[in-house]
Amino acid sequence: MECIFCKIAKREIPSDVVYEDEDIVAFRDIKPVAPIHVIVIPKEHIEGVHSLEDKHQALVGKLILKAKDIANQLNLKEGYRLVLNVGEYGGQTVSHIHLHIIGGRPMMWPPG
Ligand code: 5GP
Ligand code: ZN
């Protein structure tokens, strides 16, 4: 079975897309944990941070820079959290690398 985030990137599964370019798609999380919760993914299927290679350097940099632009667009002036869950203990449930943008309320630390 094909990856759910690849399907979202190909628009085979509907989602609330907030940004898209040739490399990246960003869409609202189906189960938001805060007033703003956006998932930013590369269109390329990469399983997670654990499987990144040197060739992905520019793409990963772009993911973070675009996350910043999207956060600004969504008016997250007070700040926000960027999260990369990695593997089972990291709480990663979808095996396609993704950056969470979470905001619209103060965040707690340490996380659970
Ligand atoms: P993870 O736990 O892997 O870091 O995050 C996966 C995120 O993807 C979760 O917050 C989950 O709610 C979200 N998610 C899973 N399936 C879908 C889906 O089909 N559509 C959208 N918009 N979000 C999804
Ligand atoms: Zn995928």
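Which condition number does Val83 fail, the rest of (1) closer than 23 Å to Lys7 by Cα; (2) away from ligand 1 (no atom under 12 Å from the Cβ); (3) out of contact with any helix residue (DSSP H, G or I) (no Cβ under 8 Å at 6 or more places or on another chain) being met?
For Val83, the failing item is (2).
For Tyr80, all conditions in the list (1) over 23 Å from Asp23 (Cβ atoms); (2) touching a strand residue (DSSP E or B) at 6+ places or on another chain (Cβ under 8 Å); (3) aromatic (Phe, Trp, Tyr) hold save one; what is the number of the exception?
Here Tyr80 clears every test but (1).
Taking the residues in region 13-45 that are near ligand 1 (Cβ under 9 Å from one of its atoms) and of a type in the set (Lys, Arg) as candidates, determine which candidate is nearest to Leu99 (Cα to Cα).
Arg28
Which residue is nearest to Met108 (Cα to Cα), if the candidates are limited to region 1-17 and must be in contact (Cβ under 8 Å) with a residue 12 or more places away in the chain, part of a loop (DSSP other than H, G, I, E, B) and within 14 Å of ligand 2 (Cβ to nearest atom)? Working first, answer last.
Of the residues in region 1-17, the ones in contact (Cβ under 8 Å) with a residue 12 or more places away in the chain are 3-6, 8-9, 15-16.
Then keep just the ones that are part of a loop (DSSP other than H, G, I, E, B); that gives 3, 15-16.
Going one step further and asking which of them are within 14 Å of ligand 2 (Cβ to nearest atom), we end up with 3, 15.
Details: Cys3: 31, Ser15: 28 Å.
Ranking the qualifying residues of region 1-17, first place goes to Ser15.
Every number here is computed from the coordinates shown, using simple stated rules; none is lab data. What you see is a predicted model, and the numbers here were worked out from it, not measured in a lab. A quick note on method: Cβ atoms are made from the backbone with ideal geometry, for glycine too, and the neighbour counts reach across all protein chains shown.
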